[in-house]
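So the structure is just underneath, and the comments pick up after that.
The values are calculated or read from the model by the stated rules, or taken from the named source; none is laboratory data. Nothing here was measured: the structure is a model prediction, and the numbers come from that model. Counting neighbours? That spans all protein chains shown, and the Cβs are built from the backbone with ideal geometry, glycine included.
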Amino acid sequence: MPTPILVCDDSAMARKMLIKALPSSWNVEITQAANGLEALEAYRAGKAEVMFLDLTMPELDGYGVLETLQKEGLNSFVIVVSADIQPLAQERVKQLGAIAFVKKPVNPADVEGLLRQYGVEL
Amino acid sequence: MSQTLTSDQKDALQEVTNIAMGQAASTLATILSTFVTISVPRINIPEVSEIGSAISKMVGNGKEVTAVRQSFAGHLRGEAIIIYGQEGCRDLADLMGYDEDIDQSAERELLLDIANVLIGACLNGIADILQTGLTFAPPSIMAERVIINSLIDPTQLTWNNALLVEVNFTLEARNFSCHLVTLMPEDSIERLKQAIDTFMENF
């Protein structure tokens, strides 16, 4: 069965770039979200076993999504994908339960390495 | 000739600027030893006749500003201008721990440093998608404590097309915003648009 994954970024271009960087052998069903609220909706609908989450977004930003997920018992692997690479940002998202931080523009080898590290079947 | 962007081009340019600004924020955080948050940059290419008014509108009509300019050359050429609101300059000085009588040369140096980081990050990010490099002249103070509406006289512009990038930074609890204006000749804007199209076709 394909793994339901969610790609959340306000830029359509950024979503395309990320989806292109995913391992081609990974059997996934991709849902896209353009802001944090859409991401939460998809998450609650069970469409986000793995979530790729941007930080800077309108409506609800990535930090807000992580905070809400924590309150709701976080049942998702969240990988933050951001251009904001300050060490403090990385620390904050990890405290909020994200498993990893990937820097934009996304390097496909980084994503694959990360997924393997967490035992995702590719 | 109209230089407006398609919504795809705008989205792509916004994302490229966003990535570049993330890198700039990281550098600024080091310079200022504080946490810097950035908003999603807003991009606009106004009609040539409306550059002056578009800039005043973006910054806020009647606002007192200080501006830094820096020229660049290469596959794209033109001039980039960073516009700081006067309150922002004070907040920055505050954050840097200067007292009330901030030394003028220290303040100028700080404004030049920040402009250099922002302009370099933004334009190098854009140059990356063009797969080219740019060279920069050192930044210089363009105007100090002037009213925004008198900063740019459209009839005096050497480069008559503009790319406006609005970036808002928050430094710790302070709101500090500044604006980046890039002025380029028409052939550079055309090259930029072609490069974005090529870049997007790869995705």
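The residues in the stretch A:74-89 that are out of contact with any strand residue (DSSP E or B) (no Cβ under 8 Å at 6 or more places or on another chain) and either buried (at least 24 other Cβ atoms within 10 Å of the Cβ) or of a type in the set (A, V, I, L, M) (or both) can be counted, and the count is 2.
Just to be sure I understand, how many residues within the stretch B:27-60 are of a type in the set (D, E, K, R) and assigned to a loop (DSSP other than H, G, I, E, B)? Walk me through how you get there before you give the answer.
Going through the stretch B:27-60, the residues of a type in the set (D, E, K, R) turn out to be B:42, B:47, B:50, B:57.
Remaining after also requiring assigned to a loop (DSSP other than H, G, I, E, B): B:47.
The number of residues fulfilling the criteria is 1.
Screening the stretch A:99-119 for residues that are more than 14 Å from chain B (Cβ to nearest Cβ) and buried (at least 17 other Cβ atoms within 10 Å of the Cβ) and picking the one that is farthest from A:GLN70 (Cα to Cα) gives A:GLU112.
Residues that are surrounded by fewer than 24 Cβ atoms within 10 Å (Cβ to Cβ): which strands (runs of 3 or more DSSP E) entirely in the stretch A:1-73 hold 2 or more of them? Before you say what the answer is, go through the steps one by one.
Numbers: elements: A:3-8, A:28-33, A:50-53.
In the stretch A:1-73, A:3-8, A:28-33 are the strands (runs of 3 or more DSSP E) which contain 2 or more residues that are surrounded by fewer than 24 Cβ atoms within 10 Å (Cβ to Cβ).
Each row is one residue, and each column tells you yes or no for (1) of a type in the set (A, V, I, L, M); (2) on the phi > 0 side of the Ramachandran plot.
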| position | (1), (2) |
| --- | --- |
| B:GLN9 | no, no |
| B:GLN14 | no, no |
| B:ALA73 | yes, no |
| B:GLY78 | no, yes |
| B:ASP94 | no, no |
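Only one of the numbered conditions (1) within 13 Å of chain B (Cβ to nearest Cβ); (2) touching a Cys at 6+ places or on another chain (Cβ under 6 Å) is not met by A:MET57, and that is (2). Taking (1) over 13 Å from the mean Cα position of the chain (by Cα); (2) crowded, with 21+ Cβ neighbours inside 10 Å in turn, B:GLU47 satisfies each apart from (2). Looking at the stretch B:93-117, which of the residues that are part of a helix (DSSP H, G or I) and modelled with pLDDT under 75 is surrounded by the fewest Cβ atoms within 10 Å (Cβ to Cβ)? In this case the residue turns out to be B:ASP94.
Go through the residues of the stretch A:6-23 one by one and say whether even a single one is in contact with an Asp or Glu (Cβ under 6 Å, 6 or more places away or on another chain), acidic (Asp, Glu) and within 14 Å of chain B (Cβ to nearest Cβ). The answer is yes; a qualifying residue exists. Working only within the stretch A:81-98, note down all residues that are within 9 Å of the chain's Cα centre (by Cα) and more than 12 Å from every other protein chain (Cβ to nearest Cβ). Correct list: A:ALA98 only.
Mind listing just one residue for me: the one in the stretch B:29-44 that is surrounded by 15 or more Cβ atoms within 10 Å (Cβ to Cβ) and facing chain A (nearest Cβ under 9 Å) and, of those, farthest from A:ASN35 (Cα to Cα)? My answer is B:ALA29.
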